[in-house]
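The values are calculated or read from the model by the stated rules, or taken from the named source; none is laboratory data. On a predicted model such as this, the values are computed, not experimentally measured, just so you know. Here Cβ is always computed from backbone atoms with ideal geometry, including for glycine, and neighbour counts include all displayed protein chains.
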Amino acid sequence: MGCDRVLSHILRYAVLMMLIAWPLPHGARAADSAPIPSGPAAEREIAITNKSKQPINEVYVSPANSDDWGDDRLGDDTVDPGDTTHVKLGRTRECAFDVHIVYEDGSREENLNVNVCRTRQLAFDGSTAVAPPPREEHAVVIVNASARPIQMVFISPAESNDWGDDRLADDSISVGASKSVTYRGDCAADLRIVFDNRSAEERKGLNMCDTPRISIQPGWTTADTLPTGTGAGQPAPPSAAPVPATPTAPVAAPSPGPNPTMEVTIANHSGHDAAELYIFPQGVTDRGADRLGMTMLKNNAQTTVSLPKSAQCKFDLHVVYAGKAPDRDLTGIDLCATPTVTLSP
């Protein structure tokens, strides 16, 4: 009888261990079922693969028994479709972790109670993603207090890497006029204004809810606060005395000779693609034509620009990068001594 009792205890223990080790169903929460047992303390890591059709912008991984997702494990990085990121979980005895991801369009997908002691790889394909609720629509009045017509207006979420669509479409805002544009999103947004000569002004992290009327004035991008006139975000009153224009240095006429042009090489090592490029004599306010035309100067590429040869050697350069990288200005470049200009980070 003693042997039978021992055998009975062994069988009970074996059945209990099988029930505990049985994998939890996909999507089950730790609070709704028996937790996965912990293992010996070890360095945990999980590989997350993006099998969806859009980038993953945020990844959160936390113990299944925690109510806090913690920080975004990607930081400023993204996981493009087909790529994999490795998330280190540190040295722990925990095996059960919840994984939450956010796609580029704001939709979210989760995989809960993942046993990272057994499953070292996890894939998300977007099949169970939940779309975010529609964002509130905002209206902003753009007042053109500059000296040139506004041809394009872009408003995008502060965390976005894409400016999105032109809010004016085929319209424009003439000098002294205003126009109301709408967008859907949070109050915090970035604003980009493009004038008729393709020069641009930007401001990042504006609170569109607190500033529903924005006046675009000369030097707007360098101001610490929004321009003020009769009130916050209002244009200056018509009676305000005009600011005298700064006289520009005369540009010498091209010197005669068999070669009336000079060749300048622009090497782009900025880390961004350049969409527009302007080179003009120092002290001249008119940037002239975009030297890239319809082409784009890719990162780590270079191009050669022909300029009229003149007695002046000092030139200024203005670059408009693709995406949301800020514009770049280089001043006082001596092209007579330096025929190659490098765009650095």
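Checking every residue in the range 298-316 against the condition of being closer than 12 Å to Glu276 by Cα, surrounded by 17 or more Cβ atoms within 10 Å (Cβ to Cβ) and modelled with pLDDT under 90 gives zero matches.
Table: residues versus (1) surrounded by 15 or more Cβ atoms within 10 Å (Cβ to Cβ); (2) free of Cβ contacts under 8 Å to residues at least 12 places away in the same chain; (3) part of a strand (DSSP E or B).
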{"residue": "Lys179", "(1), (2), (3)": "yes, no, yes"}
{"residue": "Leu191", "(1), (2), (3)": "yes, no, yes"}
{"residue": "Val194", "(1), (2), (3)": "yes, no, yes"}
{"residue": "Gly205", "(1), (2), (3)": "no, no, yes"}
{"residue": "Cys209", "(1), (2), (3)": "no, no, no"}
{"residue": "Ser215", "(1), (2), (3)": "yes, no, yes"}
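Checking each residue in the range 122-155 for being exposed (fewer than 11 other Cβ atoms within 10 Å of the Cβ) and within 30 Å of His86 (Cα to Cα) picks out Ser127, Val130, Ala131, Pro133.
For the range 118-137, a residue qualifies if it is of a type outside the set (S, T, N, Q) and in contact with an Asp or Glu (Cβ under 9 Å, 6 or more places away or on another chain), and the qualifying residues are Arg120, Phe124, Asp125, Gly126, Ala129, Val130, Ala131, Pro132, Arg135, Glu136.
Checked against (1) without any contact (Cβ under 8 Å) to a residue 40 or more places away in the chain; (2) out of contact with any Phe, Trp or Tyr (no Cβ under 8 Å at 6 or more places or on another chain); (3) of a type outside the set (Ser, Thr, Tyr); (4) surrounded by fewer than 18 Cβ atoms within 10 Å (Cβ to Cβ), Asp105 passes all but a single condition, namely (1).
Mind checking whether some residue in the range 311-326 is over 25 Å from Val194 (Cα atoms) and among the polar types (S, T, N, Q)? Looking for residues that are over 25 Å from Val194 (Cα atoms) and among the polar types (S, T, N, Q), one finds at least one in the range 311-326, hence yes. Selection within the range 155-177: residues that are in a strand (DSSP E or B) and farther than 20 Å from Pro55 by Cβ. The member of this set that is modelled with the highest pLDDT is Ile173. Exactly one residue among Thr85, Thr49, Thr128 is among the polar types (S, T, N, Q), out of contact with any His (no Cβ under 7 Å at 6 or more places or on another chain) and part of a loop (DSSP other than H, G, I, E, B), and that residue is Thr128. Scanning the range 308-324 for residues that are of a type in the set (D, E, K, R) and not in a strand (DSSP E or B) turns up at least one hit.
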